[in-house]
Amino acid sequence: MMDAYQQPRYSFVLRRVPDLLVRAQLAAHAHTEDERLAAFRLAALAGQSAAMILTKLGEPDLAWIAAQRGLAAAEQSEDPAVIGSLMRSLIHALHTHGRPLDAMNMTRTAADFLNRRLDSSRPALLSIYGTLLLPGAVAAARAGDRATAKDYPRLARRLHHGKAAHTDRRHHPVPRTRPPHPLIASPEAVGPLPVS
């Protein structure tokens, strides 16, 4: 589904997401133990796919609902990477919905959640943590919080360079990941973010 979204083949995604949502929800309630957790992960990622395509279609209300439902399923999956990923989707949905203060607060909540779980053996968490900081910075700028808008890209750069992962108030080096998004790498090159 993600490949189709990124290619972009939105009509394919639109045709598949409703069926995927229904099947994932049914599976999550039909299975037990490990199969149930896997089904909730699938339901969460289906919600994320729905939120992404609805955002592209200019449907922020529906995208927000899909992201919220996806996050509820993610929490049932007990998988921190999926929970973090759906928190990131909710940040995007809130931002698109015109709620920058809520998006900024959700970024803080998501960052705290992931920060408590970061370690060098879980690069997916580091990646999700870094990628939620950019929309969080934009939301903070739009909410008028300049300090946070500047801090999030700085934190993302430090994470990228392995200098600032905090778990239980201790500093731990983290593995290098792919280069950060150009806006994170050099926010000064973009100039000030618009504040509405």
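Observations on the model:
- Residues that are free of Cβ contacts under 8 Å to residues at least 12 places away in the same chain and of a type in the set (S, T, N, Q) were ranked within the range 104-133; the one that is farthest from H92 (Cα to Cα) is S121.
- Residues that are among the small types (G, A, S) and either modelled with pLDDT of 95 or more or buried (at least 24 other Cβ atoms within 10 Å of the Cβ) (or both) within the range 70-83 comprise G70, A73, A74, listed in sequence order.
- Verdict on G144 being outside the structural domain of P60 (by TED's automatic domain parsing) and surrounded by 15 or more Cβ atoms within 10 Å (Cβ to Cβ): no
- Residues (of a type outside the set (S, T, N, Q), modelled with pLDDT of 90 or more and surrounded by fewer than 23 Cβ atoms within 10 Å (Cβ to Cβ)) located in the range 93-127: G98, R99, P100, L101, D102, R108, A111, D112, F113
The values are calculated or read from the model by the stated rules, or taken from the named source; none is laboratory data. The structure presented is a predicted model; accordingly, all values stated were derived computationally and were not measured. All Cβ positions, glycine included, derive from the backbone under ideal geometry; neighbour counts span all protein chains shown.
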